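The structure under discussion appears below in the form of structure tokens.
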């Protein structure tokens, strides 16, 4: 069995267990039933699930991580990618490649080259995934959680992750990995195009994200004080459901805390219906500057001369050819109960069809059939379904005739 056939066989086996894998991923665990027993045994042979507690099964961590990344779910936000391990693995592979090259182990050299390229690609993908997670958290302002305490905790966690990743990229930028791979053109090109040329853009994006996280930290501190007051007031209302706010305007000596309350900015507008405002409105009207005068140029009046000899001209608008063609076609169809082919009629009347394409003619015949009423006419259609089962059809021809009464 070739390697290609083995990959195809694995994907086919997983596709047969799609429903079982979906239930295990969404519910977090899977219990054995009569319907999924065969799928569970197959997934255990493929090492895709592992035994859990209370006779249950769960997806393996590597398989769950793959589904999280592929589906970009909320679970991915709490996991993150350990980019440091990818860098450490790349360094070990480069050392192994150098030893195999000096010992002239050609098979090991080819294997190390393939694994180094995969490790470089894994690092670039891991950084892309990390940026995607961080951008999602910034866009939603940690919308997955509702409490301020949890938002602050996640904010501090992602600040630490971002700071570590920035420092890691800085150290990697000044490493000698590029010089170690300079002897192999393919590895040097992969390292330069996938990582080295993108490190500066990665760092700038991470630093911008870090600034946003610091800004959110101060915003959360402002919100926390207000949220405490709101929660305290909500607790008070729950304990005293019959409480009503007092009308402090009617009290001659309100309490001290009312005097220290922040005032509301109120804008006043004059009431035009009150006579007391008339003098003030007059002063405002006098203060409005006059608008520039507008000169209207009127056409001078003319004279109407009577001309008895002139005859009123009669304008006749010729109907369009498509209208004449439709009337003629339905007139012929009125005398034929078997139906007249629209395409045959179109080809046999070239004088009326000079400006109408054949496909447009079929559409106009259908529209005229709907307008004239289906009860008087009989329609037969030659059509083929469109591949893809989208509900559309290819209309080949239309035949319309007079329905028998």
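Worth pointing out:
- Filter pass, residue 168 being assigned by TED's automatic domain parsing to the domain that holds residue 87, closer than 25 Å to residue 66 by Cα and assigned to a helix (DSSP H, G or I): yes
- Count - residues of segment 341-388 that are outside any helix (DSSP H, G or I) and surrounded by 12 or more Cβ atoms within 10 Å (Cβ to Cβ): 13
- Candidate set: segment 165-177, residues that are at pLDDT below 80 and more than 20 Å from residue 131 (Cβ to Cβ); chosen: the one surrounded by the fewest Cβ atoms within 10 Å (Cβ to Cβ): 174
- The single condition among (1) within 17 Å of residue 215 (Cβ to Cβ); (2) at pLDDT 80 or above; (3) surrounded by 18 or more Cβ atoms within 10 Å (Cβ to Cβ); (4) under 25 Å from the mean Cα position of the chain (by Cα) that residue 162 does not meet is (4).
- Residue in segment 218-238 that is exposed (fewer than 14 other Cβ atoms within 10 Å of the Cβ) and not in a helix (DSSP H, G or I) present: no
- Residue in segment 105-115 that is assigned to a loop (DSSP other than H, G, I, E, B) and free of Cβ contacts under 8 Å to residues at least 12 places away in the same chain present: yes
- The test for being touching a helix residue (DSSP H, G or I) at 6+ places or on another chain (Cβ under 9 Å), surrounded by fewer than 11 Cβ atoms within 10 Å (Cβ to Cβ) and not assigned by TED's automatic domain parsing to the domain that holds residue 150 holds for residue 243.
- Qualifying positions in segment 80-100 - in contact (Cβ under 8 Å) with a residue 12 or more places away in the chain and more than 22 Å from residue 159 (Cα to Cα): 89, 90, 91, 93, 94, 96, 97, 98, 100
- Residue count for segment 25-70, restricted to those that are loosely packed, with under 11 Cβ neighbours inside 10 Å and in contact (Cβ under 8 Å) with a residue 40 or more places away in the chain: 0
- Among all residues of segment 308-324, there is at least one that is surrounded by 10 or more Cβ atoms within 10 Å (Cβ to Cβ), at pLDDT 70 or above and over 28 Å from residue 394 (Cβ atoms).
- Failed criterion for residue 82 (all others in (1) modelled with pLDDT of 80 or more; (2) within 36 Å of the chain's Cα centre (by Cα) hold): (1)
- Residue under evaluation residue 57, criteria (1) out of contact with any strand residue (DSSP E or B) (no Cβ under 6 Å at 6 or more places or on another chain); (2) modelled with pLDDT of 80 or more, criterion not met: (1)
- Residue match in segment 133-151 (condition: in contact (Cβ under 8 Å) with a residue 60 or more places away in the chain, part of a helix (DSSP H, G or I), within 21 Å of residue 188 (Cβ to Cβ) and in the same structural domain as residue 85 (by TED's automatic domain parsing)): no
The values are calculated or read from the model by the stated rules, or taken from the named source; none is laboratory data. Remember, predicted model here, so these are calculated numbers, not experimental data. Neighbour counts run over all protein chains shown; Cβ positions are idealised from the backbone, glycine included.
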